[in-house]
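To keep things clear, I will list the structure first and then write my remarks on it.
Taken together, the values in this text are just the output of simple stated rules run on the coordinates, not laboratory data. Keep in mind that what you see is a predicted model, and the values were worked out from it rather than measured. Cβ sites come from the backbone with ideal geometry, for glycine too, and all protein chains shown count toward neighbours.
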Amino acid sequence: MLRAIFGGTFDPIHRGHLTAAADLIKELGYVTIHLMPNAVPPHRSQPQANGQHRLAMIECAIEQHPHMRAEPFELNQQGPSYTAKTLRAMQKLYPDDTLAFVMGMDSLLSFDQWFEWQSILATAHLIVLPRPGYSLAEANSTINQLLSERRVTCTTELNRYAHGRIYIANTTLTDVSSTAVRDALASGSDTEISAAVMAYIQRHQLYSSPL
Ligand code: ATP
């Protein structure tokens, strides 16, 4: 079975994450998607909401989605949340499954800066979500080389190989970011989050949300 690990900060989870995950389930067929908030993201500024809140917001958002799970794994680890280490641990937890790590196009463009990125490809496939404002045309020579060696254009190829293939998904383009959601919440404007997540944010007074 294909098991997709969708890692990120999810500060908070928004319509872009959810639409992409729901589209991926349709596109890939039989897959379980683990939405996994990082504890200490190594490549960016630290989250505003703590890990337990970010996990709980994912739980609220995916209530109606039986093929999605909120994954606490990285919140239970010490130190920076390195994807390479996480995926090696996941491989031990799910030895019979093929793993794929899901990331947005912005993340692919800097993938060669990630800690032990070669190990990620030795453990899992990469599934890349298109994202407004980011395009393969901006890829550097290392990423282009990786794509020329490893890109597959058909989802069945992800089942033929154990790991190391890169698939650019056809998921809906959604122009939403957590940064924009946090800014909107702080100023009391409308946001691209589900009603259940909004209720959680208000209940816990996160992101300086209006009561
Ligand atoms: P922030 O604005 O705080 O940087 P973000 O909106 O990019 O957050 P993250 O939780 O950091 O959200 O993203 C987790 C993963 O989801 C990343 O790989 C990111 O590229 C991807 N992603 C986030 N939003 C979208 C979107 N609208 N479309 C496609 N991919 C997305």
Checklist entry - Each residue of the stretch 170-175 in turn: what ³J(HN,Hα) in whole Hz from Karplus with 6.51, -1.76, 1.60 and θ = phi - 60°, glycine and Pro shown as x? => result 9, 5, 4, 6, 10, 8
Checklist outcome for this item: Once amide hydrogens are built 1.01 Å from N within the peptide plane, the residues lying 5 or more places from ALA139 or on another chain with amide H under 5 Å from its amide H are none
Next on the checklist: For GLY104, what residues show an amide H to amide H distance below 5 Å, using hydrogens built from the backbone and excluding near sequence neighbours?
Outcome noted: LEU129
Next on the checklist: Helix 195-204 against the longest principal axis of the chain: what's the angle in degrees, Cα atoms only, rounded to the nearest 10?
Outcome noted: 60
Checklist entry - Each residue of the stretch 141-154 in order: what ³J(HN,Hα) in whole Hz does its phi give by Karplus 6.51 cos²θ - 1.76 cosθ + 1.60, θ = phi - 60°, with x for Gly and Pro? => result 5, 5, 5, 4, 4, 4, 5, 5, 8, 10, 5, 10, 10, 10
Checklist entry - To the nearest 500 deg cm²/dmol, what mean residue ellipticity at 222 nm is calculated for the chain from DSSP H runs of n ≥ 4 alone, each contributing -39,500 (n - 2.57), summed and divided by the residues? => result -11000 deg cm²/dmol
Item to check | Degrees between helix 51-61 axis and first principal axis of the chain (Cα, 0 to 90, nearest 10) | outcome: 90
Checklist entry - If the viscosity is 0.890 mPa s and the temperature 25 °C, what Stokes-Einstein diffusion coefficient in µm²/s follows for the chain when Rh is the Kirkwood radius over Cα pairs? => result 140
Next on the checklist: Under a crude label model (7 Å from the Cα following the beta-carbon direction), how far is GLN78 from LYS92 in nanometres?
Outcome noted: 1.5
Checklist outcome for this item: Once both label points are put 7 Å beyond Cα along the C-beta direction, the GLN202-THR179 separation in nm becomes 2.8
Next on the checklist: Within the stretch 6-41, name every residue whose backbone N is under 20 Å away from a label modeled 7 Å from Cα of SER189 along the Cβ vector.
Outcome noted: 11-17
Checklist outcome for this item: Rounded to one decimal in nm, the spacing of the 7 Å Cα→Cβ label points at ASN170 and GLU157 is 1.5
Item to check | Rounded tilt (10° steps) of 83-93 against the dominant C-alpha axis of the chain | outcome: 80
Checklist outcome for this item: Candidates HIS53, HIS67, HIS34; GNM for the chain (alpha-carbon contacts under 10 Å) flags as most fluctuating HIS67
Item to check | Neighbour net charge for LEU136 - beta-carbon separation under 13 angstrom, K R +1, D E -1 | outcome: 0
